[in-house]
1. Return the residues of the range 11-21 that are surrounded by 11 or more Cβ atoms within 10 Å (Cβ to Cβ) and either in contact with a Lys or Arg (Cβ under 6 Å, 6 or more places away or on another chain) or not in a loop (DSSP other than H, G, I, E, B) (or both); say none if nothing qualifies.
2. If you check TRP270 against the conditions, is it in contact with a His (Cβ under 9 Å, 6 or more places away or on another chain) and within 22 Å of ALA156 (Cα to Cα)?
3. If a residue must be closer than 19 Å to ILE124 by Cα, in a helix (DSSP H, G or I) and in contact (Cβ under 8 Å) with a residue 24 or more places away in the chain, how many such residues does the range 301-319 contain?
4. Does ARG199 fit the bill of being of a type in the set (D, E, K, R), closer than 26 Å to PHE329 by Cα and in contact (Cβ under 8 Å) with a residue 40 or more places away in the chain?
5. For VAL299, only one of the following conditions fails: (1) in contact with a Pro (Cβ under 9 Å, 6 or more places away or on another chain); (2) surrounded by fewer than 21 Cβ atoms within 10 Å (Cβ to Cβ); (3) hydrophobic (A, V, I, L, M, F, W, C). What is its number?
6. Quick check, is GLN188 among the polar types (S, T, N, Q), under 22 Å from HIS232 (Cβ atoms) and either touching a residue at least 24 places away in the same chain (Cβ under 8 Å) or open to solvent by 50 Å² or more (accessible area, probe 1.4 Å) (or both)?
7. Quick check on PRO125: is it without any contact (Cβ under 8 Å) to a residue 12 or more places away in the chain and in contact with a Phe, Trp or Tyr (Cβ under 9 Å, 6 or more places away or on another chain)?
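The values are calculated or read from the model by the stated rules, or taken from the named source; none is laboratory data. This one's a predicted model, so the numbers in the text were calculated from it and none came from an experiment. Ideal geometry is used to build each Cβ from the backbone, glycine not excepted, and the neighbour counts take in all protein chains shown. Ligands, DNA and RNA are excluded from the accessible area calculation, which covers all protein heavy atoms including side chains. Shrake-Rupley method; radii C 1.70, N 1.55, O 1.52, S 1.80 Å.
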Amino acid sequence: MQYELRTQVIEPKRKTFTNLAARYGDRPASRYEEGSIDVQAVANFHYRPLWDPEHEIFDEAYSVMRLTDPYGFVDPRQLYYAPYVTARSHLHEAFAATLKYLEGRDLLDRLPEGWRAALAELVIPLRHYESGGQLLSAFGCRFAYGTTIAQCLSYASFDRVGNAQLLSRLGISLGGGSDDLLVAAKQQWMGAQALQPLRRYVEELLVEKDWAVAHLGLDVADQLLYGLLYQHLDDAALLGGAGGYSLFAQHMAGWFADQRRWIDALYAAWGADSQHGSANRAALAQAAARLAPAAAQAVGALAEALDAHVQAGCADVVRTRAAAVGAAFQES
């Protein structure tokens with residue numbers, strides 16, 4: 001008796017879930033699409049919030065920024081839980097390797113005095129700025145309408161905790177293995193004159209009722225702050241004998257470049273929406289016109305204090321960047 005083995009391909013009756021097939025056609029869906037699209041709860045809510053009876057518990061009206069289809073925005077990074085935690089694990093492993101190198105070569109101890117003071121008094125205290133960013137991102141995650149937006153805000157919230165940890169680890173290394181600089185950094189954040197405008201700006205964002213406006217305000221400050229600390233000062237450190245600072249700054253700059261990918265995509269989706277695009281653009285311009293000057297003043301005060309330590313033209317950089325950021329929102 002002889003047997004003949006053959007390969008038989010059995011075509012599946014459908015290649016993905018019905019809701020995804022209705023949107024994209026009957027094609028294999030990515031893990032990101034399966035876990036993100038049409039997940040937002042939209043019906044059968046039991047009650048309206050007692051603290052806000054004008055809205056449903058999940059309601060797009062929590063923000064003036066609307067999308068006709070909440071899934072008209074998708075994360076260009078296509079992040080869901082597994083790739084997100086893998087990417088952030090690599091980021092923190094890379095930072096740990098950098099920190100080990102800085103400590104092994106005593107590069108933090110060799111920083112010029114002005115750079116060391118700037119780090120201890122003005123940069124390390126920004127771990128509390130990152131904490132404010134975490135709260136604002138979590139606020140947006142709760143009230144955003146559409147899973148693809150809420151996901152990005154959720155990951156950004158965790159990222160802010162991670163950024164605060166990076167600054168804390170740098171402060172511990174700069175302090176010789178103790179938490180003395182972190183304790184002092186809290187007092188700087190609460191009382192140093194150069195940091196009070198930024199602290200006030202963040203705390204005022206925390207009471208902003210519209211999650212999208214609050215996050216726009218955070219993003220405006222981020223663009224000024226990250227551009228100043230981790231791009232401009234990075235270049236200045238290389239020329240000013242503070243290479244240790246530059247090695248640290250690369251990790252923060254890399255995170256911010258990744259953060260910008262989804263934020264810029266969200267702005268684009270808001271502005272291009274078929275039904276709400278015009279209103280969204282007007283709302284973005286109005287919010288930016290209100291918040292950008294306050295952000296520029298807040299980061300400008302920090303920049304002037306940095307110039308007192310490292311003479312790197314920080315204040316001029318913030319003024320130039322603030323004008324560009326404000327103009328970008330008016331043109332969008």
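1. Matches in the range 11-21: LYS15, ASN19, LEU20, ALA21.
2. Spelling it out, TRP270 is indeed in contact with a His (Cβ under 9 Å, 6 or more places away or on another chain) and within 22 Å of ALA156 (Cα to Cα).
3. Residues flagged as closer than 19 Å to ILE124 by Cα, in a helix (DSSP H, G or I) and in contact (Cβ under 8 Å) with a residue 24 or more places away in the chain within the range 301-319 amount to 9.
4. In short, yes.
5. Evaluating VAL299 over (1) in contact with a Pro (Cβ under 9 Å, 6 or more places away or on another chain); (2) surrounded by fewer than 21 Cβ atoms within 10 Å (Cβ to Cβ); (3) hydrophobic (A, V, I, L, M, F, W, C) leaves (2) as the failure.
6. yes
7. In short, no.
Each row is one residue, and each column tells you yes or no for (1) more than 30 Å from ARG31 (Cβ to Cβ); (2) small (Gly, Ala, Ser); (3) touching a Pro at 6+ places or on another chain (Cβ under 8 Å); (4) open to solvent by less than 40 Å² (accessible area, probe 1.4 Å).
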residue	(1), (2), (3), (4)
GLU60	no, no, yes, no
THR68	no, no, no, no
TYR80	no, no, no, no
TYR84	no, no, no, yes
LEU99	yes, no, no, yes
LEU111	yes, no, no, yes
ALA118	yes, yes, no, yes
